[in-house]
Amino acid sequence: MMKYFAIFLLLFSFFTTQAQKKITWPRHKKAVIVLTYDDGLDSQLKNAVPALEAAKLPATFFLIGDINNNNILQWRSLSKKGFELGNHTLYHPCMAPDNPVNSISYTPTTIVAEIGIMDNFLFAVDGNTSRTYAYPCTETTVGGKDYVDTLRKSGFVKYARVGGDADAIVTDFKHLDPLQVPAYGLDDNTQGDKLIAFVKLAEKTGGLGIIMFHGIGGDYITTSVKAHQQLITYLKKHRNEIWVATFQQAMDYATEVSKNLNSAK
């Protein structure tokens, strides 16, 4: 009998400790959602940005080097309004068959050098020195070699986003690699109810949920304007329960709080 009681006490202690380690989000929010948009697409400026601004929600846009004098002023203006401009490399190299630049000829050293150049480009746009990153096509390898640690040693970026599925909610920040933060990578024409289901999962688990968009009502890997608006409407309606933040804001907060929880053990 004493043996089973001891096991019960051990399990109770374990689950109590785990509960104490759970992150408390700002202003007693249940969860945090990060909206990210890749490649700096025209459809994002045309369709996503007005919806975000109307709802007063921030987001992170991962840009590549083809932003130009037709839209640089728009991106600069958005950064001043609280939107985050993230690094997505100059040329977006990856192994996808339809990608213009194949990463097979890259090395960890050359792609990290390219990321550094893009950092400088983005500094000229928004004046920020702290940067986040999204791996092109969510691939952490180039030329068959992993470059996460090379990127880490460079110090060029603070956090980096990788891919994931519809259950990619982060709750374990103690073991989270800040340069491999998972996100929900959307398929073409993902419906609004699936986007909202992902947010509800984040609410249920009390975690961090990141959504990876590409085209909004156009371009490629397209989410319809309707589905995107359904998500924005839900987030706006539930703003008292959900903290919508930029990638860097969310990770800065989670990293600091997690550090304090671990040091308090």
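The values are calculated or read from the model by the stated rules, or taken from the named source; none is laboratory data. None of these values were measured; they are calculated from a predicted model. Cβ atoms come from the backbone with ideal geometry, glycine included; neighbour counts cover every protein chain shown. For accessibility, only protein heavy atoms count, side chains too; no ligands or nucleic acids. Shrake-Rupley method; radii C 1.70, N 1.55, O 1.52, S 1.80 Å.
Details
- Kirkwood estimate for region 115-158, i.e. one over the average of 1/r between Cα atoms, Å: 11.4 Å
- As computed over region 179-265, the Cα convex hull volume per residue (Å³): 110 Å³
- Stokes-Einstein diffusion coefficient of region 27-84, Kirkwood radius over Cα pairs, 20 °C, 1.002 mPa s, in µm²/s: 175 µm²/s
- Taking each residue as 0.36 nm, the span from residue 204 to residue 54 lengthens on full extension beyond its C-alpha to C-alpha distance by 51.3 nm.
- Tensor-based shape of region 51-106 (alpha-carbon gyration tensor, a/c under 1.5 rounded, otherwise prolate or oblate): prolate
- Of every Cα-Cα pair in the chain, the percent that sits beyond 22 Å: 57 percent
- Helix 108-126 and the longest principal axis of the Cα set of the chain meet at an angle near 80°.
- Folded to 0 to 90 degrees: helix 192-205 orientation relative to the chain principal axis, Cα: 40 degrees
- Cβ-Cβ distance of residue 149 and residue 42, R₀ of 25 Å, FRET efficiency by 1/(1 + (r/R0)^6): the value works out to about 0.10.
- Accessible-area ranking of 90, 201, largest first, probe 1.4 Å: 201, 90
- Cα-derived Rg over Rh, computed across region 20-151 with Rh taken as Kirkwood radius: 1.01
- Listed by chain and number, the aspartates and glutamates whose alpha-carbon sits under 18 Å from that of residue 259, ignoring those within fewer than 8 places in the same chain, are 172, 177.
- Using C-alpha pairs under 8 Å with a sequence gap of at least 6, the mean separation divided by the residue count of region 35-112 gives a relative contact order of 26 percent.
- With the simple spin-label model, which puts each label point 7 Å out from Cα in the Cβ direction, the residue 96 to residue 68 separation comes to 2.0 nm.
- Candidate residues 80, 30: accessible-area rank, largest first, probe 1.4 Å: 80, 30
- Of the trypsin sites (Lys or Arg not before Pro) in region 192-246, those whose Cβ has at most 12 other Cβ within 10 Å and which sit in DSSP loop: none
- Residue order by solvent-accessible surface for 92, 238 is 238, 92, largest first, with ligands and nucleic acids left out and a 1.4 Å probe.
- Axis angle, to the nearest 10 degrees, between helix 247-263 and the longest C-alpha principal axis of the chain: 30 degrees.
- Rounded Å value of the spacing that divides the Cα centres of region 65-114 and region 118-146: 7 Å
- Taken along its three principal axes, the alpha carbon spread of region 215-259 comes to 41, 25, 10 Å, from the longest extent down to the shortest.
- Bridge type composition, the chain - antiparallel percent by DSSP, nearest 5: 15 percent
- Here each label is just a point 7 Å from Cα along the line to Cβ, and for residue 104 and residue 128 those points are 3.6 nm apart.
- Linear extension gain, residue 22 paired with residue 174, 0.36 nm per residue minus alpha-carbon span: 53.7 nm
- Radius of gyration and maximum dimension Dmax of region 118-265, Cα, Å: 16.4, 50
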